[in-house]
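Data block below; observations after.
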Amino acid sequence: MTDTIPEMIDAVFDISGDMLPASYPFALWDALVLHVPTLAADASVGVIPLRTSASAAGMLLPKRAKLTLRLPAALAAHIAALSGQRLDLGGGTLQLGSCKLRPITPYSTLHAQLVTGIENEAGFLQDIGARLADLAIAGKLICGMRNCVATADRAIHGYSLVIHDLKPDASLRLQYTGLGGERRFGCGIFIPYKVISDLD
């Protein structure tokens, strides 16, 4: 790990709720910043996408769902204000419970649900390869489906991506830095991935 990359940590909240709009990442970020404005000042803060299942009415939250924020360890003390808050997501609500801080550990295979970048898949992979080289990260890439997070007036496009055969230090570096932009909306954040054949 280079000295220029700050240590990151995951803040994991118990949550409860029912149905969320498909565009929830935008409203979720706005609600989080409303309670903890400090989050908006650091571009490295990210929100790991919620585990949901799609339905005709929106996105269903499973039981025992978690909300996880990835942020610099130095900001960990600021997120205590989120515990117990009820977040209005414009078509759904999230009730936040207690928070646990979880260190980030290395895994040889990591997955990001959506990484922003070049629209063409071949160009995207070439660009990602160059970014990884800049970070001194070596791994094998598997590009998945092209995805989109959108509202009526904004859309973020990208690909799901698996990177495997990572060395421990490279795995940590990738989880700390991520790839691409829009981390606050769940993009470019890598988490452990155990099966590399299902990239939905």
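The values are calculated or read from the model by the stated rules, or taken from the named source; none is laboratory data. The model shown is predicted, which means the values in this text are computed figures rather than measured ones. Counting neighbours? That spans all protein chains shown, and the Cβs are built from the backbone with ideal geometry, glycine included.
Structure above, values below:
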| read-out | value |
| --- | --- |
| Any hit, the range 92-107, residues being free of Cβ contacts under 8 Å to residues at least 12 places away in the same chain, part of a strand (DSSP E or B) and among the hydrophobic types (A, V, I, L, M, F, W, C) | no |
| Index of the failed condition, VAL115 passing every other in (1) in contact (Cβ under 8 Å) with a residue 60 or more places away in the chain; (2) outside the structural domain of TYR176 (by TED's automatic domain parsing) | (2) |
| Single residue of VAL149, VAL162, VAL195 found to be in a strand (DSSP E or B), at negative phi, modelled with pLDDT under 95 and not basic (Lys, Arg) | VAL149 |
| Residues of the range 16-73 classified as part of a strand (DSSP E or B) and either of a type in the set (Gly, Ala, Ser) or closer than 29 Å to ARG173 by Cα (or both), total | 15 |
| Residue match in the range 4-12 (condition: over 13 Å from the mean Cα position of the chain (by Cα), farther than 23 Å from GLY91 by Cβ and without any contact (Cβ under 8 Å) to a residue 60 or more places away in the chain) | yes |
| Matching residues, the range 73-85, being surrounded by 15 or more Cβ atoms within 10 Å (Cβ to Cβ) and under 22 Å from ILE191 (Cα atoms) | LEU75, ALA76, ILE79 |
| Unmet requirement for GLN95, which otherwise passes all of (1) at pLDDT 90 or above; (2) out of contact with any Gly (no Cβ under 7 Å at 6 or more places or on another chain); (3) surrounded by fewer than 15 Cβ atoms within 10 Å (Cβ to Cβ) | (2) |
| Where GLY117 falls short, out of the listed (1) at pLDDT 95 or above; (2) surrounded by 18 or more Cβ atoms within 10 Å (Cβ to Cβ) | (1) |
| Which listed residue, of ALA27, ALA41, is among the aliphatic types (A, V, I, L, M), surrounded by fewer than 14 Cβ atoms within 10 Å (Cβ to Cβ) and at pLDDT 85 or above | ALA41 |
| Matching residues in the range 71-89 - criterion: being among the hydrophobic types (A, V, I, L, M, F, W, C) and in contact with a strand residue (DSSP E or B) (Cβ under 8 Å, 6 or more places away or on another chain) | LEU71, ALA73, ALA76, ILE79, ALA80, LEU82, LEU87, LEU89 |
